[in-house]
Amino acid sequence: MQRKAVKARMIKSMGWENGIMEVEYLSGLIHQYHDVTEAEYIRTCVGAIDKKVRLIGKSHRFTKVSD
């Protein structure tokens, strides 16, 4: 999955493909959030990205890809 760089306090890049939103944190952690719609992903990429990713994490299951 290709991720795009974002301007956020704790997040380096984000991407979306086939219902999975992938987030690379500045710490190097990569999480994949499952069952995220494209509309949710687009909304998450604008504004307070860190806060919106936390909200996605509360409502969608995720897996840790690497650390």
Turns out the strands (runs of 3 or more DSSP E) fully within the stretch 7-56 with at least 2 residues that are in contact with a Cys (Cβ under 6 Å, 6 or more places away or on another chain) are none
Pairs under 7 Å by beta carbon, first residue touching a residue at least 24 places away in the same chain (Cβ under 8 Å) in the stretch 41-65, partner part of a helix (DSSP H, G or I) and basic (Lys, Arg), six or more apart or different chains? Thr44/Lys52
With the requirement that a residue be out of contact with any strand residue (DSSP E or B) (no Cβ under 9 Å at 6 or more places or on another chain) and under 11 Å from Val23 (Cβ atoms), what does the stretch 45-62 give you? Lys52, Arg54
Might you let me know whether the stretch 26-34 holds any residue that is among the aromatic types (Phe, Trp, Tyr), at pLDDT 95 or above and surrounded by fewer than 18 Cβ atoms within 10 Å (Cβ to Cβ)? no
Matching residues, the stretch 17-45, being within 14 Å of Met1 (Cα to Cα) and among the hydrophobic types (A, V, I, L, M, F, W, C): Ile20, Met21, Val23, Ile30
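For the stretch 22-67, which residues satisfy the criterion of being of a type in the set (A, V, I, L, M) and in contact with a Phe, Trp or Tyr (Cβ under 6 Å, 6 or more places away or on another chain)?
Residue satisfying the conditions is Ile56 alone.
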Applying the selection to the stretch 4-14, what residues are without any contact (Cβ under 8 Å) to a residue 24 or more places away in the chain and buried (at least 16 other Cβ atoms within 10 Å of the Cβ)? Lys12, Ser13
Considering only the stretch 3-25, how many residues are farther than 14 Å from Arg54 by Cα and at pLDDT 95 or above? 12
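The values are calculated or read from the model by the stated rules, or taken from the named source; none is laboratory data. Quick caveat, the model's predicted, so the values are computed rather than measured. Don't worry about glycine lacking a Cβ; one is built from the backbone with ideal geometry, like all the others, and counts go over all protein chains shown.
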